Structures are given as structure tokens and as C-alpha cells.
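Presented below is the structure to which this report refers.
The values are calculated or read from the model by the stated rules, or taken from the named source; none is laboratory data. Since the model is a prediction, treat every value here as computed from it, not as a measurement. Note: ideal-geometry Cβ built from the backbone for every residue, glycine included; neighbour counts use all protein chains shown.
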Amino acid sequence: MHLEQFNAVSRTEAGDFLRPCLDIQRWIDELADARPYSTPGELLTAGRNAANPFTSAELDAALAHHPRIGEQARGDSAEAKLSQSEQAGLGVADAAVALALAEGNRTYEEKFGQVFLIRAAGRSREEILAALNTRLAHTPEQEQSIIGQQLREIAVLRLEGLLSK
């Protein structure tokens, strides 16, 4: 969808367009209600700033849609397809790195009670593993802030991709 179309569609259609980027209703509402946007960059900036910070409940709901790093999203929803594409960009995993990511995911989930989330696009598996190991030393409060930042980065990249189609 082009920006002009996004600006012109109904609020419901705008929400449907935004939801695969980030399924947090407050974020969707802020972006849909702030239309029209003059440029794609203005919309992307709004996406980076909307609903900041996310509540714990919003983060929990958003994380429920994200697969573990190294695992493929299931289903054929728009969000699952975007996630599959993002993780496919990581390439084939070295067996040792794949094992370390799986083990790190388990350790992270045991410590924080949620899936490890990171923007995979533009990162190698080794970079993701290094970030995972660094983040295991964080407090839950530090992680909440980082997860919000990562969700925004993922959402804006997805939005940018959808706008260019």
C-alpha cells in the first residue's frame, strides 16, 4: 500500500494494514489517528515514537506472536510471513551456533518468563547470540525497555517494507 492509499483508507483498513507490523492496539490507534502523513518518513518516525513506553501487558501480548530466534513462525498470517522472511535472512546456521541459540533461548525464558526478542533483520546469527548472552545479565526492568525498543525496530522495518509494495 502506498502512503496516499494509507492516508485515504478507513480507520479499520488502516488498522488492518498496521497490525502485522506490531499487534499492539494503542500503537495502531496512534498511527491510524494521526493520518494524514506527508511523507513515508513521517509515518515511520511516528511508528518509532508511538505508544512509548509500552505497558507490560502490551509487551506480553506482542511477544505471544513472536517465535524463538532460530525457529520459524507457524501459520500463514501476514505477521507469520513477515517473521519467516526476517529469520530466513539469517541464513543457514552453523550447528554450534544453532545449539547455543537454542540453549540461550531456554535460559532466557527460564530467567525472564518470555521469549527472547531481537530485531533479526540486518544481524547475523553470531551477532544475535552475542546480544542474547549480553542480555542474560540484565534485570527484568532493563529487558522490558530493550524489548520495547526491539519491537519498535521490527515494526518500523515491517512498515517500511509494506509501504514499498
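What number of residues within region 120-152 are part of a loop (DSSP other than H, G, I, E, B) and modelled with pLDDT of 95 or more? Total satisfying the criteria: 4.
One residue stands out in region 86-108 among those that are surrounded by 12 or more Cβ atoms within 10 Å (Cβ to Cβ) and among the hydrophobic types (A, V, I, L, M, F, W, C): the one that is modelled with the lowest pLDDT, namely 90.
Here residue 53 meets each of (1) of a type outside the set (Asp, Glu); (2) crowded, with 19+ Cβ neighbours inside 10 Å; (3) assigned to a loop (DSSP other than H, G, I, E, B) with one exception, condition (2). Scanning region 14-50 for residues that are part of a helix (DSSP H, G or I) and basic (Lys, Arg) yields 26, 48. Screening region 109-123 for residues that are aliphatic (A, V, I, L, M) and crowded, with 17+ Cβ neighbours inside 10 Å and picking the one that is farthest from residue 149 (Cα to Cα) gives 115. Selection within region 42-81: residues that are in contact with a helix residue (DSSP H, G or I) (Cβ under 6 Å, 6 or more places away or on another chain), hydrophobic (A, V, I, L, M, F, W, C) and at pLDDT 90 or above. The member of this set that is nearest to residue 165 (Cα to Cα) is 44.
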